[in-house]
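Step one of this worksheet: look at the structure below.
The values are calculated or read from the model by the stated rules, or taken from the named source; none is laboratory data. This structure is a prediction, so every number in the text was calculated from the model and none was measured. Quick reminder, even Gly has a Cβ in these numbers, built from the backbone with ideal geometry, and neighbours come from all protein chains shown. For the accessible areas, the whole protein counts, side chains as well, though only heavy atoms, and no ligand, DNA or RNA atoms are used. Shrake-Rupley method; radii C 1.70, N 1.55, O 1.52, S 1.80 Å.
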Amino acid sequence: GQSFAVGLDGFTPTYQQGMTGADFAADLVVLENDEIIKKQTVRVNQPLNYRGVSFVLETYGFAPYFELKDEAGQEIFGAFVNLSVLNPGSRDYFTVPGTNLTVVTGFYPDMVMADGRPSTRSLLPLNPVFSLNVTDEARELFVGQLPLGGNVTFEGKSLAFSDLRYWTGYRVVRDQGKDIIFAAFWLGLLGLTIRY
């Protein structure tokens, strides 16, 4: 059969009291030969069905754009990184390709200080701040916070957090559940998002 692609065109989470998920709506598009064939809003129990394949929304998260530059201002790394840091207090990490750097992150979508410690008022990205622990193998280079639009420096390098998008994860099923094509895959908002 002819191949097709599915892309994420938008994602809107809705919360009760800012912390409990009430509804998650992903706007998906189906493309064939670079033409949009179908647009549909997908929810947890309302999958996208196309050519006998169902795309069932299962999970989502944040994909910050991190950019690392060297002493001369040349980009070493720049990408949206899918992170699993939705629950307050949860942590995730990524390694910077071509380096020995590991970045451990925590995320406060709507950061506020409470009793001298960072916390979040809601899961909506109203004041997004990442807590970072950057290491070069076992050597700690930076520990601190990085707000959207900010950057931090260590050993002449600069790490910036310049944009924030959502990623969504799907279970892909063919022919009413007879075959699972993939256990899951991620779609990054407004384009391909890569998890290193």
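What the table shows:
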quantity	calculated
Complete set of residues in region 1-45 that are open to solvent by 70 Å² or more (accessible area, probe 1.4 Å), over 22 Å from residue 174 (Cβ atoms) and among the charged types (D, E, K, R)	9, 34, 35
Failed item, numbered, when residue 103 is tested on (1) loosely packed, with under 13 Cβ neighbours inside 10 Å; (2) aliphatic (A, V, I, L, M); (3) closer than 16 Å to residue 64 by Cα	(1)
Extreme residue, farthest from residue 95 (Cα to Cα), among residues of region 54-66 that are at pLDDT 95 or above and buried (at least 17 other Cβ atoms within 10 Å of the Cβ)	64
Of residues in region 152-174 being basic (Lys, Arg) and open to solvent by 70 Å² or more (accessible area, probe 1.4 Å), the one modelled with the lowest pLDDT	174
Boolean, residue 123 is under 25 Å from residue 17 (Cα atoms) and assigned to a loop (DSSP other than H, G, I, E, B)	yes
Residue that is modelled with the lowest pLDDT, among those in region 5-37 that are of a type outside the set (S, T, N, Q) and part of a loop (DSSP other than H, G, I, E, B)	18
Test: residue in region 46-53 that is in contact with a strand residue (DSSP E or B) (Cβ under 7 Å, 6 or more places away or on another chain), surrounded by 13 or more Cβ atoms within 10 Å (Cβ to Cβ) and within 17 Å of residue 160 (Cα to Cα)	no
Filter pass, residue 132 being touching a strand residue (DSSP E or B) at 6+ places or on another chain (Cβ under 8 Å), over 13 Å from residue 62 (Cα atoms), among the hydrophobic types (A, V, I, L, M, F, W, C) and surrounded by 13 or more Cβ atoms within 10 Å (Cβ to Cβ)	yes
Tabulated pairs, region 11-35, first without any contact (Cβ under 8 Å) to a residue 60 or more places away in the chain and over 24 Å from residue 50 (Cα atoms), second aliphatic (A, V, I, L, M) and exposed (fewer than 13 other Cβ atoms within 10 Å of the Cβ), C-beta under 8 angstrom, 6+ apart or interchain	14/22; 16/22
Residue check, residue 58 within 20 Å of residue 127 (Cα to Cα), under 18 Å from the mean Cα position of the chain (by Cα) and touching a residue at least 40 places away in the same chain (Cβ under 8 Å)	no
Count - residues of region 106-116 that are part of a strand (DSSP E or B) and open to solvent by less than 70 Å² (accessible area, probe 1.4 Å)	7
Some residue of region 117-133 being among the hydroxyl-bearing types (Ser, Thr, Tyr) and over 21 Å from residue 166 (Cα atoms)	no
Conditions (1) open to solvent by 50 Å² or more (accessible area, probe 1.4 Å); (2) not in a loop (DSSP other than H, G, I, E, B): number failed by residue 149	(2)
Considering residues of region 74-100 that are of a type in the set (S, T, N, Q) and closer than 23 Å to residue 14 by Cα only, the residue least open to solvent (accessible area, probe 1.4 Å)	82
